[in-house]
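Following: one structure in structure tokens, then a few remarks.
The values are calculated or read from the model by the stated rules, or taken from the named source; none is laboratory data. Just so you know, these numbers come straight off a predicted model, no measurement behind them. Every residue, glycine among them, receives a Cβ derived from its backbone with ideal geometry; neighbour counts consider all protein chains shown. Heads up: the accessible areas ignore ligands, DNA and RNA and are worked out on the full protein's heavy atoms, side chains in. Shrake-Rupley method; radii C 1.70, N 1.55, O 1.52, S 1.80 Å.
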Amino acid sequence: MEKIRLAIQKSGRLSEKSLELIKECGVSYASGTGKLLANCYNFPMEILFLRDDDIPGYVEDGVADIGIVGENVLVESNKKVKIIDTLGFGRCRLSIAVARTMTYNDIQDLNGKSIATSYPTILGKFLKEKGVKAEIHEISGSVEIAPGIGLAEGICDLVSTGSTLLSNGLKEVETIFNSEAVLISHKGISAEKQMTIDKLLFRLNSVKKAKNTKYILLNAPNASIAEIIDILPGINSPTVQPLAKVGWSSLHSVLNADDFWEKIEALKKAGAEGILVMPIENLIA
Ligand code: PRT
Ligand code: ZN
């Protein structure tokens, strides 16, 4: 199998989660501080550590075959790569915020104003679509202090909890787009490398499914089993085994994390007792 090169953020908000995902896919690598390139022991891959802003370009050029980057950085970069998976971490939104004291009714209130941002491309496109004429001030960091120091009236920046906006006296007025970490791929991948990428994608998929699924065990009177199977259909069908207690059975199945509590309530109503829920490490359906 041909070796591939994966680019991830060297140090920042996506680094830890990116490495965690690689480990969860059963891939171990030679770690060392300050290294730019790490070789993987048990998978034909090497890891290239970069600034996140450089990842789309390296993948476009094929210096890295695949990469993990925030969708916000990818879209802003305008680089031509393929998104091959969404990874469910690094979630945030790119929003416009203004001083809390500013009157804001709708987006037209931004006409004639200046907005500081590190995302001039995305912001420019958004304002154009909305027919708003505002001045864009491109700055590379600490965007949230721009209104306070009189550099701009508004900002366009990433928000996750909103506490940075709050502590800088700003209010969020428009959300431009929602972002999360994505796995991107070079456009001209060879068939041999694609086989390695597919192998990694298969593992990623199993890890993602497992994270979203829990293993559930419960006891119930035999008369309730049919109703419980309707609530918990499992992957193919649940396992039902008799308990030592006459007229009772134990049922094993899987449960989707999204509607976890609704299902638990329904199970209790149906007569389930001793419900045990456990995490799953991998799920190959
Ligand atoms: O050094 P390098 O260039 O690699 O890193 P960086 O400093 O450019 O990026 P980094 O590590 O800060 O963020 C990497 C990626 O994490 C971003 O591109 C996003 O995809 C994602 N991400 C998720 C975030 C946030 N959440 C986030 N909250 N990136 C930045 N923030 C910042 C935001 O800019 C603001 O300053 O956090 C502040 C707001 O957070 P709250 O919680 O106060 O709202
Ligand atoms: Zn960056």
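Hey, among the residues in the range 49-68 that are of a type in the set (A, V, I, L, M) and away from ligand 1 (no atom under 16 Å from the Cβ), which one's farthest from LEU87 (Cα to Cα)?
Here the answer is VAL63.
Can you name the residue in the range 9-30 that is within 16 Å of ligand 2 (Cβ to nearest atom) and assigned to a loop (DSSP other than H, G, I, E, B) and, of all such residues, is nearest to LEU74 (Cα to Cα)?
Once the filter is applied, the top-ranked residue is LEU14.
Has the range 171-188 got at least one residue that is over 21 Å from LEU87 (Cα atoms), open to solvent by 20 Å² or more (accessible area, probe 1.4 Å), out of contact with any helix residue (DSSP H, G or I) (no Cβ under 7 Å at 6 or more places or on another chain) and assigned by TED's automatic domain parsing to the domain that holds ILE55?
yes
For the range 7-17, give me each residue that is buried (at least 24 other Cβ atoms within 10 Å of the Cβ) and more than 6 Å from ligand 1 (Cβ to nearest atom).
Of everything in the range 7-17, those that are buried (at least 24 other Cβ atoms within 10 Å of the Cβ) and more than 6 Å from ligand 1 (Cβ to nearest atom) turn out to be ALA7, ILE8.
Which residues, counting only those in the range 65-89, are away from ligand 2 (no atom under 16 Å from the Cβ) and among the hydrophobic types (A, V, I, L, M, F, W, C)?
ILE66, VAL81, ILE83, ILE84, LEU87, PHE89
Go through (1) within 15 Å of ligand 1 (Cβ to nearest atom); (2) surrounded by 19 or more Cβ atoms within 10 Å (Cβ to Cβ); (3) not basic (Lys, Arg) and name the single condition VAL98 misses.
Of everything listed in (1) within 15 Å of ligand 1 (Cβ to nearest atom); (2) surrounded by 19 or more Cβ atoms within 10 Å (Cβ to Cβ); (3) not basic (Lys, Arg), VAL98 misses just condition (1).
Could you grab me the full set of residues in the range 230-264 that are open to solvent by less than 60 Å² (accessible area, probe 1.4 Å) and either not assigned by TED's automatic domain parsing to the domain that holds LEU217 or not in a strand (DSSP E or B) (or both)?
Within the range 230-264, ILE231, LEU232, GLY234, PRO238, LEU243, GLY247, ALA257, ASP259, PHE260, LYS263, ILE264 qualify.
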